[in-house]
Structure formats: structure tokens, C-alpha cells
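Asks: Let me begin by handing over the structure; questions about it come next.
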Amino acid sequence: MKQLWCAVSLMAGSLMYSSVALTAQTPSGALLQQMEQASQSLSYELAYINVSRMGIESLRYRHTAIDNKVFAQLLHMDGPRREIIQRGNEVSYFEAGLEPFTMTGDHIVDSLPALVYADFQQLAATYDFVSVGRTRIADQLCEVIRIVPRDGTRYGYIVWLDSDTKLPLRVDLLDRDGETLEQYRVVSFAVDEGVRKIMQDLETAKLPPVLSVPSSGAVTFNWKAGWLPAGMKEIAQSRRQLPSLDRPVESCLYSDGLFSFSINVTMADKSSSPQQLRTGRRTVQTEVRNNAEITVVGELPPTTAKRIADSVTMGKTP
């Protein structure tokens, strides 16, 4: 089991649409949409820190667009050099002691907080966007907005947006008690065409070849989740034989556009037992029943992860 942890209606519709549209058009919702647009269109450089219970990371992120193609660079400023470069829809990874490689993607996953790439019109159906005033961050006047889940089953955010550029200068991830789990905080930044000039060399840089990822064919599972937080949708599923296990693992990945998690089901063995592990934003919740080991892994509060795991109904043993 430890191995798996490591490896692992018309009127109503009309009313809902009106509610979503209204929320997205509020001043706070409009500001968040401007943040998303600014983060993906401006030429800028950010020096920032990520603070979590795992420690503090110091990073530098550069972004620009040349001929409608995105170029970005993420550099870890401490310890062995680690660098990630994006050119269009290709993201290349470089780390000391490891063979560099490239994967397809529309942004560097570990660069800016995930909410920067969110669809706030979609999120307006399940989250409230609340303005809480203005303050200064990195010597800049910022608009402060809270992102609050309406059903209380997920985490929330507080975002500080630069009043001029609309770039995020601070983002706090909050648990349901309002305690900070993680913090992204800009120390210094620049928005100018100089960044574009610095990044121009990436147009002709020789990058590692793109890794070929085997596609997973259509699969059918004999289990399903009986309950999911509102707005969560299945976005992928797979059945794979993991190197560390002698039995296949069936997985479904879910997301609401802001947070994600997976449900993983495999045959139980003598070491299987109910357990829960939480590290920062991530929870691992395992339940065992009907000769199956059910593990929920993702960005969820522990009570939500357990409720999802408890709701999984089984057919035949996987």
C-alpha cells in the first residue's frame, strides 16, 4: 500500500447561467480575468519565493510572447541549477545530473500559482470572488481578492494583484480554517520589452527532443465515485501496471479548473490498511473494502478526501 502511495433541467440551467455570468462580471471577477490575461500576454520578469511547510524556494520567472508564441523560463535560484524553458507548446527540463528532456504543454506547471491559468467564468459557478480592499506588496499598490469555495469542501485563495499591470504579486493558499498552507510572494519584478530581448535567443536554441508518452486506450472500470465536490469533472482515466507493484492500478483524474485529485483503485493485499497522510495542500486517503484498496490523492482537505473515498462503489474486484 505504501508503494501505491508513493507511485501514486431548462429553468434551472437558465438560472445557473445567469448566476455564473453575474459573478464573472463583478469587479473582482473582472480583475481576476485581467490577471489571467496579463500573465499570459505581457513581457515581464518576477523574482519570488514559494513558502510552504516543506521550506522556502527562491525562483525567477521570465515570460514574453514573440509572434504569438509564448517563451518562458523558470530558474531555481538556490542549490543545484534547475531550469525549465517553454517555447510554444514545448516545455524542456534541465537539472544537474539528469538527462534533459522535453514534454508538450501550454505553460510551465511549477511556475506561477495554478489559479493564474484558471477559467474564472467557469469557476464562478462554484466559487465567490470577494474584494477585501487594497494594500502594498513589493512597493506596489495591490487589489486584494479572496476566492472562496461556496460548498466549503475545498481550499481557498487570497490574491494580491498589482493595480497597474494586474500581475499577481502575492497568492496565499488557505485551508478551511483560514490558515495559510502555501504562499507565493514576489520580491521584485519588471514589465518591459527588455525581457523580450533577453528571451529572443530561445527562438533558435537547441532543445531536447520531445518525449513520446504512450497513449492510454479507452478503459472501462467497474467502480465509480458516488460523490464529488460541485464542479469537479473527470478529465482523464488510465489502467497501468506500475513498476513497484505486481498488480494494475486503475485511476481517474478529476479537476474543477483550480484544484485536482485522482482516485486510484487496485486489488488489496495483506499490507493494505486505511490510512491518511497530509502534506501541505496534498492529502492521501486510503480505504480498504470489498478486497479493493481505494486511494484518493490530491489537493483536497482531509475530510473531503475521505468523503470521496467512502463514496466509491465497487462492482467486481479490480
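Asks: Out of Arg150, Arg136, Arg176, which single residue is among the basic types (Lys, Arg), under 23 Å from Pro113 (Cβ atoms), assigned by the TED database to the domain that holds Glu99 and touching an Asp or Glu at 6+ places or on another chain (Cβ under 8 Å)?
Replies: After ruling out the rest, the residue left standing is Arg150.
Asks: Taking region 66-84, which residues are at pLDDT below 95 and open to solvent by less than 20 Å² (accessible area, probe 1.4 Å)?
Replies: Hit for region 66-84 is Ile66, nothing else.
Asks: Same structure, new question: Whether any residue in region 86-99 is in a loop (DSSP other than H, G, I, E, B), surrounded by fewer than 21 Cβ atoms within 10 Å (Cβ to Cβ) and touching a Leu at 6+ places or on another chain (Cβ under 8 Å) is what I want to check.
Replies: Pass one, region 86-99, residues in a loop (DSSP other than H, G, I, E, B): 88-89, 96-99.
Within this subset, residues satisfying the condition of being surrounded by fewer than 21 Cβ atoms within 10 Å (Cβ to Cβ) are 88-89, 96-99.
Narrowing the set further to residues that are touching a Leu at 6+ places or on another chain (Cβ under 8 Å) leaves none.
No - not one qualifying residue is present in region 86-99.
Asks: So Ala292 ticks every box in (1) open to solvent by 10 Å² or more (accessible area, probe 1.4 Å); (2) farther than 27 Å from Tyr155 by Cβ but one. Which box is left unticked?
Replies: The one condition Ala292 does not meet is (1).
Asks: Given the structure, is Ser43 surrounded by fewer than 19 Cβ atoms within 10 Å (Cβ to Cβ) and either within 18 Å of the chain's Cα centre (by Cα) or at pLDDT 95 or above (or both)?
Replies: No: the conditions fail for Ser43.
Asks: Checking the conditions here, which among His63, His107 is open to solvent by less than 60 Å² (accessible area, probe 1.4 Å), modelled with pLDDT under 95 and either over 20 Å from Asp172 (Cα atoms) or in the same structural domain as Leu174 (by the TED database) (or both)?
Replies: Of the residues listed, the single one that is open to solvent by less than 60 Å² (accessible area, probe 1.4 Å), modelled with pLDDT under 95 and either over 20 Å from Asp172 (Cα atoms) or in the same structural domain as Leu174 (by the TED database) (or both) is His107.
Asks: Hey, another quick one. So which residues in region 168-205 are under 25 Å from Arg53 (Cα atoms) and in a loop (DSSP other than H, G, I, E, B), if there are any at all?
Replies: Of everything in region 168-205, those that are under 25 Å from Arg53 (Cα atoms) and in a loop (DSSP other than H, G, I, E, B) turn out to be Asp175, Arg176, Asp177, Gly178, Glu179.
The values are calculated or read from the model by the stated rules, or taken from the named source; none is laboratory data. Just so it is clear, the structure is predicted and the values come from calculations on it, not from any experiment. No Cβ is skipped: glycine too gets one built from the backbone with ideal geometry, and neighbour counts run over all protein chains shown. SASA here: full protein model, heavy atoms, side chains in, ligands and nucleic acids out. Shrake-Rupley method; radii C 1.70, N 1.55, O 1.52, S 1.80 Å.
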